[in-house]
Amino acid sequence: MATLQENATFEFNTLSEKGVDSRQATYLAGWSNGEWTCPHCARMFGKNLLGESPFFLARQHSAICHLPTN
């Protein structure tokens, strides 16, 4: 059984092969059941007690933690 990071990394690679921008692929690849896992560093965002949206936090993180495009 694959981990959430392995699933996110696989999805990231699939999106990258389809020509999706690295930053966008990072954001899209990590979602699973309302929680997000970074395919690069395995940081996770989900429902939290502070009321912060995981969508905003994931978008913010994916903007700084992505592989450069060649």
Item checked: Residue list for the range 3-30, restricted to those being among the small types (Gly, Ala, Ser) and at pLDDT below 90 -> Ser22
Check: Got at least one residue in the range 36-59 being of a type in the set (Ser, Thr, Tyr), at pLDDT 90 or above and outside any helix (DSSP H, G or I)?
Finding: yes
Next item on the list: Show the residue pairs that are 6+ apart or on different chains and have beta-carbon atoms under 8 Å apart, the first residue being within the range 37-57 and buried (at least 16 other Cβ atoms within 10 Å of the Cβ), the second being part of a loop (DSSP other than H, G, I, E, B) and among the polar types (S, T, N, Q).
Entry: Pro54/Asn48
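The values are calculated or read from the model by the stated rules, or taken from the named source; none is laboratory data. Small disclaimer: the values here were computed from a predicted structure and weren't measured. Positions of Cβ are generated from backbone atoms using ideal geometry, with glycine treated the same way; all protein chains shown enter the neighbour counts.
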